[in-house]
Amino acid sequence: MSPMEGGALAKKRKPTTTMDHQTSSSSASVDNNYFNVSHNHVTDNKKNKKKKKKKKRNKAKPKRYSLMSYWELPEYMKDNEFILNYYRANWPLPQALFSVFRWHNETLNVWTHLIGFVLFLGLTMVNLLRVPQVADLLGFFARSTPISAVTNVSRNFISQMTSQEMEIAAAGHEMSGVAYWPFYVFLGGSMFCLFSSSICHLFSCHSHPLNLLLLRIDYAGITMMIITSFFPPIYYIFQCDPRWQFIYLGGITIMGVFTIITLLSPKLSSGKFRTFRALLFASMGLFGIVPAVHASIVNWGNPRRNATLVYEAAMAFFYLTGTGFYITRIPERWRPGWFDIAGHSHQIFHVLVVLGALAHYAAILVMLDWRNTFGCDNNNAT
Ligand SMILES: [Zn+2]
């Protein structure tokens, strides 16, 4: 199929021609004297030994596994009939691991979330280590978030957030006593989701049992990301009213645990339940409308209100659009086989998940800044 595979075939053919040549040369020597015959016999033995060594070496070399079409796949891997080629199936673990550097229909699914994971790991490290340039980086990040162009309100707000202000806020969180753990819970949940997703896409081609296990871990990861995303906004918005903190965080945690238990059933990991799974995730996400409306009413006078709302609206847009691509399998259903390597729905879904998480991260920074600046006494300060 590929030039490389053609090369491998040519290499395989070579020893056969040498062998033919040797057979003819040894048959010619039969007419010669005894010395020549025995001499030829010795050289033949040497050549045979060399050949055996060559064969052994070839055996030791890892086999290059070839990609296959949808129709050749084992039943457990038939998930998307609109992606026709470039599948890996029943690959040993080392081959699956190194296929991260090969082109197949999961390459971009792995990389989109692996890059997202590294990005969130970097943000976590920067926040944990409190590097002096943190504030600048965060300010830059917030400015470069796509939705900063949506409204002038958010743009003005971001431009007002000078690095000095952010540094004051960062230094102030120790003095003001604003807890940072809900922020790290969200970062941890996001990293778990992005990493488990990359691992799932890389190794689920290994075997049916591993495929089922990794799919369930992937779904648990998505659920974890949704639950942990609720922690910072609910915690910071209702910081001055722990009763609501408890009700909302308790509610979403119970929903999340229920979802994880439901998704642990291997039956629900199959393609048939794609819409059911998507609706389960979406309903968990939409649960957030209740505390969001409540928070907006309670904190209407909050000077950071518009910026927060814009970022959270962007997050909802990214997540819901991503879910739409996941369910409908657009665009590959329009042109089966065209988007096998790049541009199919799952890759778009992955990118939108990372963008949604980044928009939420920006919203949390605004909330943290608000709590650090105004504390509890000035809940509705303008
Ligand atoms: Zn995925």
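The values are calculated or read from the model by the stated rules, or taken from the named source; none is laboratory data. Source: prediction; values computed, not measured. Every residue, glycine as well, gets a Cβ built from its backbone with ideal geometry; the counts of neighbours run over all protein chains shown.
Scan (1) out of contact with any helix residue (DSSP H, G or I) (no Cβ under 9 Å at 6 or more places or on another chain); (2) crowded, with 22+ Cβ neighbours inside 10 Å; (3) not small (Gly, Ala, Ser) for the single condition Trp300 breaks and write down its number. Of the numbered conditions (1) out of contact with any helix residue (DSSP H, G or I) (no Cβ under 9 Å at 6 or more places or on another chain); (2) crowded, with 22+ Cβ neighbours inside 10 Å; (3) not small (Gly, Ala, Ser), the odd one out for Trp300 is (2).
Just one of the listed residues (Thr308, Thr373, Thr321) is within 16 Å of the ligand (Cβ to nearest atom) and assigned to a helix (DSSP H, G or I), namely Thr321. Checked across the range 326-343, the condition of being within 12 Å of the ligand (Cβ to nearest atom), at pLDDT 95 or above and in the same structural domain as Asn299 (by TED's automatic domain parsing) holds for no residue.
Put simply, of Gly285, Gly256, Gly221 the only residue that is within 16 Å of the ligand (Cβ to nearest atom) and closer than 21 Å to Leu320 by Cα is Gly221. Only one of the listed residues (Ala359, Ala314) is more than 15 Å from the ligand (Cβ to nearest atom), surrounded by 20 or more Cβ atoms within 10 Å (Cβ to Cβ) and closer than 22 Å to Trp111 by Cβ. That residue is Ala359. For the range 114-131, does any single residue satisfy the condition of being at positive phi, charged (D, E, K, R) and surrounded by fewer than 19 Cβ atoms within 10 Å (Cβ to Cβ)? Yes, the range 114-131 contains at least one residue that is at positive phi, charged (D, E, K, R) and surrounded by fewer than 19 Cβ atoms within 10 Å (Cβ to Cβ).
Residues are listed down the side, and each one gets a yes or a no for (1) away from the ligand (no atom under 16 Å from the Cβ); (2) modelled with pLDDT of 85 or more:
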site: Leu212; (1), (2): no, yes
site: Ile234; (1), (2): yes, yes
site: Phe238; (1), (2): yes, yes
site: Phe276; (1), (2): yes, no
site: Leu280; (1), (2): no, no
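For Tyr326, the criteria (1) crowded, with 22+ Cβ neighbours inside 10 Å; (2) under 30 Å from Asp241 (Cα atoms); (3) aromatic (Phe, Trp, Tyr) hold in every case but one, which is (2). How many residues does the range 91-129 hold that are closer than 28 Å to Thr275 by Cβ and either polar (S, T, N, Q) or more than 16 Å from the ligand (Cβ to nearest atom) (or both)? Residues flagged as closer than 28 Å to Thr275 by Cβ and either polar (S, T, N, Q) or more than 16 Å from the ligand (Cβ to nearest atom) (or both) within the range 91-129 amount to 4.
Among the residues of the range 239-263, those identified as hydrophobic (A, V, I, L, M, F, W, C) and part of a helix (DSSP H, G or I) are Trp244, Phe246, Ile247, Leu249, Ile252, Ile254, Met255, Val257, Phe258, Ile260, Ile261, Leu263.
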